[in-house]
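Worksheet: one structure, shown below.
The values are calculated or read from the model by the stated rules, or taken from the named source; none is laboratory data. Since the structure is predicted, the reported quantities are computational estimates derived from the model, not experimental observations. With ideal geometry, Cβ positions are generated from the backbone for all residues, glycine too; neighbour counts draw on all protein chains shown.
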Amino acid sequence: MSAATGSAQPRIVIAGGGLAGLSLALALKQALADGVDVVMADPALKRDPHGDKRSYAIAAAARRMLQALGVWGAVAEKAQPILDMVITDSRLQDPVRPTFLTFAGEVDGNEPFAHMVTAGDLTAALLEACRGAGVGLRAEGVKGFAPQAGHTDVTFTGGEVLPAALLVAADGARSRLREQAGIGWISWPYNQSGIVATIAHERDHEGRAVEHFLPSGPFAILPLKPEAQADGRVKHRSSIVWTERSEAVPALLESNPEDLLAELERRFGLQLGKLAFETKPQAHPLSFGVARSFVAERLALLGDAAHVIHPIAGQGLNLGLHDVAALAEIIADAMRLGLDPGGADVLDSYERARRASITAMGIMTDGLNRLFSNDMLPVRLIRDLGLGLVDRMPGLKRFFIREAAGLRDTSPRLLRGEAL
């Protein structure tokens, strides 16, 4: 009998049913089976996951993890591999947009360094796998928690209280559980907003991702899987992440459709032919944020509850999935040794495993945004010279592409495609 659960197995409660939370629930249940009771709590579990049309870039290491968890096969046919990437740097009014850096999109043979996946498709696959693995799914939130001797009492919004060995807060950047634990949050705004939308276009993108560095911020074009139409034609599609100064965003989104489309074309270009909005553009303020600690007594922070970075490198979700791989491995190894999954030593190991990597990624993305969202001529000349030099150094380009893919020999086992 476990003191943490009142049952034969230690219980782990995960608050937040996003991609990171679901991945952790599945990884723990697959690794430990009947040795752990995993409970996932999120009111969003009531909704149809396919309604989420957001798109994410899944780096090669994260894809290997999803394959090891047995869910990649369910989304592989709908995923678009990124086959190459082009980086430009110009002003919006410049008549020519020169290419300064190109990356081939393959690592380790023919493996693409990233795939574009719709959030709804991946969420649905993870939910189905969680149900099959025996994860307890509760369509309600976690209201609070109270650490006790040897466990923490988790209170759900419906009023029930369950003892747990560990509570994982995967409840987003405005995490109420992080706040309740008294964990500080270091943050600053960027005075930028990210406008996201799906764009239909006439011509095939051929798997190419493009990042235009403009004075207001990067404008990214990310290829999506083409869709077959009832009339036999193919609809070509891309996702955009349009970074704009926050004060300019309301006027853009409130303008008439023709004017908004014209502004899109100025940034997108006409290389893929006629454009159309397939989804309504939505804007999200951009900021940097990191928790002063990723753990507290019987609590671990996961994903956006622990860190938020600028989307300039497309690493936000991938950082969260790295959290999953590290925490799942640390808990699984500890429990096989008979250790308490919510014990201080286990949580300290998670803190050490993630702190340096997240700090480095935060510094890098913050620096890149400040460097490239800048129209000062000397800065432009220096950064363009740097991009040109990197483009002429194949070894350095391979290093950068492997880093973007998340492929490191020291990565947790799941990110290497190995089962726990």
(message) Checking the conditions here, which among Phe294, Phe288 is touching a residue at least 60 places away in the same chain (Cβ under 8 Å), hydrophobic (A, V, I, L, M, F, W, C), under 17 Å from Gly172 (Cβ atoms) and in contact with a Lys or Arg (Cβ under 8 Å, 6 or more places away or on another chain)?
(response) Phe294
(message) Among (1) more than 25 Å from Val36 (Cβ to Cβ); (2) in contact with a Pro (Cβ under 8 Å, 6 or more places away or on another chain); (3) not aromatic (Phe, Trp, Tyr), there is one condition Asp153 misses while meeting the rest; what is its number?
(response) (1)
(request) Those residues that are within 19 Å of Gln192 (Cα to Cα), without any contact (Cβ under 8 Å) to a residue 24 or more places away in the chain and either surrounded by fewer than 13 Cβ atoms within 10 Å (Cβ to Cβ) or hydrophobic (A, V, I, L, M, F, W, C) (or both), I need them from the stretch 248-270; list them, please. (result) Pro250, Ala251, Glu254, Leu260
(request) List every residue pair whose Cβ atoms lie under 8 Å apart, where the two residues are 6 or more positions apart in sequence or sit on different chains, the first residue falls within the stretch 350-377 and is in contact (Cβ under 8 Å) with a residue 60 or more places away in the chain and charged (D, E, K, R), and the second residue, located anywhere, is crowded, with 18+ Cβ neighbours inside 10 Å and assigned to a helix (DSSP H, G or I). (result) Arg354/His322; Arg354/Asp323; Arg354/Ala326
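Please determine whether any residue of the stretch 314-327 is part of a helix (DSSP H, G or I), more than 21 Å from Gln30 (Cα to Cα) and touching a strand residue (DSSP E or B) at 6+ places or on another chain (Cβ under 6 Å).
Among the residues of the stretch 314-327, at least one is part of a helix (DSSP H, G or I), more than 21 Å from Gln30 (Cα to Cα) and touching a strand residue (DSSP E or B) at 6+ places or on another chain (Cβ under 6 Å), which makes the answer yes.
Within the stretch 284-305, is there a residue that is surrounded by fewer than 21 Cβ atoms within 10 Å (Cβ to Cβ) and either part of a helix (DSSP H, G or I) or aliphatic (A, V, I, L, M) (or both)? If you could, list the steps in order and put the result at the bottom.
Of all residues in the stretch 284-305, those surrounded by fewer than 21 Cβ atoms within 10 Å (Cβ to Cβ) come to 284-285, 287-290, 292-293, 297.
Narrowing further to those that are either part of a helix (DSSP H, G or I) or aliphatic (A, V, I, L, M) (or both): 290.
Within the stretch 284-305, one or more residues are surrounded by fewer than 21 Cβ atoms within 10 Å (Cβ to Cβ) and either part of a helix (DSSP H, G or I) or aliphatic (A, V, I, L, M) (or both).
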(request) Considering only the stretch 38-86, state which residues are in a strand (DSSP E or B), over 28 Å from Gly141 (Cβ atoms) and within 16 Å of the chain's Cα centre (by Cα). (result) Ala57, Ala59
(message) Go through (1) within 28 Å of Pro215 (Cα to Cα); (2) touching a residue at least 12 places away in the same chain (Cβ under 8 Å); (3) among the aliphatic types (A, V, I, L, M) for Ala419 and report which single condition fails.
(response) (1)
(message) Can you confirm whether Val324 is over 17 Å from the mean Cα position of the chain (by Cα), at pLDDT 95 or above and among the hydrophobic types (A, V, I, L, M, F, W, C)?
(response) no
(message) Here's a check for you: in the stretch 215-240, which residue that is part of a strand (DSSP E or B) and in contact with a Lys or Arg (Cβ under 7 Å, 6 or more places away or on another chain) is modelled with the lowest pLDDT?
(response) Glu227
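Listed residues Leu137, Leu127; which is surrounded by 18 or more Cβ atoms within 10 Å (Cβ to Cβ), within 21 Å of Ala33 (Cα to Cα) and modelled with pLDDT of 95 or more? Before you say what the answer is, go through the steps one by one.
Numbers: Leu137 fails: surrounded by 18 or more Cβ atoms within 10 Å (Cβ to Cβ).
After applying the criteria, what remains is Leu127.
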(message) For the stretch 232-260, give me the residue count where each residue is of a type outside the set (A, V, I, L, M, F, W, C) and in contact with a Gly (Cβ under 9 Å, 6 or more places away or on another chain).
(response) 4
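Kindly evaluate Arg380 against the criterion of being free of Cβ contacts under 8 Å to residues at least 24 places away in the same chain and in a helix (DSSP H, G or I). Before you say what the answer is, go through the steps one by one.
Details: free of Cβ contacts under 8 Å to residues at least 24 places away in the same chain: no; in a helix (DSSP H, G or I): yes.
No; evaluated as a whole, the condition is false for this residue.
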(request) Inspect the stretch 315-329 for any residue being closer than 26 Å to Arg97 by Cβ and in contact with a Pro (Cβ under 9 Å, 6 or more places away or on another chain) and give the result as yes or no. (result) no
(request) Identify the residue in the stretch 369-389 that is surrounded by 16 or more Cβ atoms within 10 Å (Cβ to Cβ) and modelled with pLDDT under 85 and, among all such residues, is nearest to Gly105 (Cα to Cα). (result) Leu387
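Yes/no per residue for (1) touching a residue at least 40 places away in the same chain (Cβ under 8 Å); (2) surrounded by 22 or more Cβ atoms within 10 Å (Cβ to Cβ):
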{"site": "Glu160", "(1), (2)": "no, no"}
{"site": "Trp188", "(1), (2)": "yes, no"}
{"site": "Ala200", "(1), (2)": "yes, no"}
{"site": "Phe219", "(1), (2)": "yes, yes"}
{"site": "Ser239", "(1), (2)": "yes, yes"}
{"site": "Thr243", "(1), (2)": "yes, yes"}
(message) Residue under question is Pro95, and the condition is that it be surrounded by fewer than 16 Cβ atoms within 10 Å (Cβ to Cβ) and not in a strand (DSSP E or B); does it hold?
(response) yes
(request) Count, please, the residues in the stretch 265-281 that happen to be over 15 Å from Ala220 (Cα atoms) and among the polar types (S, T, N, Q). (result) 1
